[in-house]
1. Among the residues in the range 218-232, are any surrounded by 24 or more Cβ atoms within 10 Å (Cβ to Cβ), within 13 Å of the ligand (Cβ to nearest atom), more than 14 Å from the chain's Cα centre (by Cα) and on the phi < 0 side of the Ramachandran plot?
2. Under 6 Å between Cβ atoms, at least 6 apart or on separate chains: pull out the pairs that start in the range 144-168 with a residue that is aromatic (F, W, Y) and end on any residue that is surrounded by fewer than 22 Cβ atoms within 10 Å (Cβ to Cβ) and modelled with pLDDT under 95.
3. Among the strands (runs of 3 or more DSSP E) lying completely within the range 289-346, list those that include at least 3 residues that are under 17 Å from R227 (Cβ atoms) and within 16 Å of the ligand (Cβ to nearest atom).
4. Kindly establish whether E251 is of a type in the set (D, E), exposed (fewer than 14 other Cβ atoms within 10 Å of the Cβ), assigned to a helix (DSSP H, G or I) and at pLDDT 95 or above.
5. Mind checking which residues of the range 235-245 are farther than 19 Å from P168 by Cβ, within 15 Å of the ligand (Cβ to nearest atom) and surrounded by fewer than 24 Cβ atoms within 10 Å (Cβ to Cβ)?
6. Restrict the check to the range 186-193 and report whether at least one residue is within 16 Å of the ligand (Cβ to nearest atom) and either within 19 Å of N8 (Cβ to Cβ) or not hydroxyl-bearing (S, T, Y) (or both).
7. So for the range 246-257 (the condition being within 16 Å of the ligand (Cβ to nearest atom) and among the β-branched types (V, I, T)), does at least one residue qualify?
8. Restricted to the range 10-38, and to residues that are hydrophobic (A, V, I, L, M, F, W, C) and either part of a loop (DSSP other than H, G, I, E, B) or without any contact (Cβ under 8 Å) to a residue 40 or more places away in the chain (or both), which residue is surrounded by the fewest Cβ atoms within 10 Å (Cβ to Cβ)?
Amino acid sequence: MGSYLEINLDKIRQNVSTVSSICRRYGVTLYGVTKVFCADPRIVKSFLDGGVAGLADSRIENIIKLKELNTGLPLMLLRLSSQSEARDVVTLCDLSLNSEISTLKALDRAAREFDRVHETVIMVDLGDLREGVLPDKLFELIAEAVLFKNLRIIGLGTNAACFGGVIPTPENMGQLLNLKHQVERKFKLKLPFVSGGNSSALPLLQSGKMPAGINNFRVGEAIALGRNVIDRSPYPGTTQDTFVFKGEIVEYRDKPSVPIGDRGQNAFGETEEFPERGIIRRAIVAAGRQDLKPDGMMPADSLVSVLGGSSDHLILEIRGRKNRYKVGDFLEFYPNYGSLLALMTSPYIKKVYV
Ligand SMILES: *Cc1c(COP(=O)(O)O)cnc(C)c1O
């Protein structure tokens, strides 16, 4: 079978349950984010069993998979809608996140074609500098968007700690609520949905300092990997060994620590430094950059460290007894979010559910 990814469905369910009870305590609806595992139906089932109020994904392909499960829960498109997919957005998604007037117009037109009213959340950029309209451009956008008959603006949302690493605080969350109140007053709208963000907003919520009125979270990493995404520490009440990669050793030999011969760039156009450390024991595992991110793999065995990887090989150093491992053994690793994205997406890596 080769190297594979072991997925612990029950541990994922427990993580969902921990996070959903925190959200419930503070009056926040939890939308489970399924993109990191490509909306795999068995993992989605664990999300449902753990108690989510909605499902959210960034890709239409995954939304189709979610739709086929007939969960009865609202489906949210996380990535800003693409104009070329407007028809799919209005027919497949219950709500979408948007920040561009021309896209809202395309959604309105598509919704009219199918004789529906599409619900949208307007994304506001509070400084992380990924998606969203800046606060001083919000009213201008809303003023135009309220005229679209087949669109209903149901709320505001924001995203943090994704591109700029900006942390949710009482100040920036308060700013979002402030904008909501201003929009409601100015445009005589009701905005019942205020989506305060992703996993990075959980610590603030749990500290009790999240301003009241932020009432939706879209959470992926904190439930999939049990991590506090602000510093990647284990999130209290969750487990981190939800996904375990088992990599098969195909070579196990003592070799020098420094390459022999004249050196240019490696296969990826990089020039690496190799400190002289004498002869070391090296293992090659059958999986590479096509399947994972070498620096995003944490070995379960503290005597194993990742040296790097090529397209199809993960190159490791093994300390300890000479016969600690042998060719054909499987080494265990905990993938980080970026590596998990790649492992779940790679068709070469088998998925085994426990
Ligand atoms: C991916 C994503 C999320 C989930 O982020 P996590 O850090 O995994 O919780 C939430 N909102 C948007 C818009 C996203 O793209």
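The values are calculated or read from the model by the stated rules, or taken from the named source; none is laboratory data. Owing to the predicted nature of the structure, the values given are computational and were not obtained by experimental measurement. Glycine also receives a Cβ, built like all others from the backbone with ideal geometry; neighbour counts cover every protein chain displayed.
1. So far as the range 218-232 goes, no, none of its residues is surrounded by 24 or more Cβ atoms within 10 Å (Cβ to Cβ), within 13 Å of the ligand (Cβ to nearest atom), more than 14 Å from the chain's Cα centre (by Cα) and on the phi < 0 side of the Ramachandran plot.
2. From the range 144-168, the pairs are F163/D128; F163/L129; F163/R130.
3. Filter on the range 289-346 gives an empty set.
4. For E251, the condition - of a type in the set (D, E), exposed (fewer than 14 other Cβ atoms within 10 Å of the Cβ), assigned to a helix (DSSP H, G or I) and at pLDDT 95 or above - is not met.
5. The one that is farther than 19 Å from P168 by Cβ, within 15 Å of the ligand (Cβ to nearest atom) and surrounded by fewer than 24 Cβ atoms within 10 Å (Cβ to Cβ): Q240.
6. For the range 186-193, residues within 16 Å of the ligand (Cβ to nearest atom) and either within 19 Å of N8 (Cβ to Cβ) or not hydroxyl-bearing (S, T, Y) (or both): present.
7. no
8. C38
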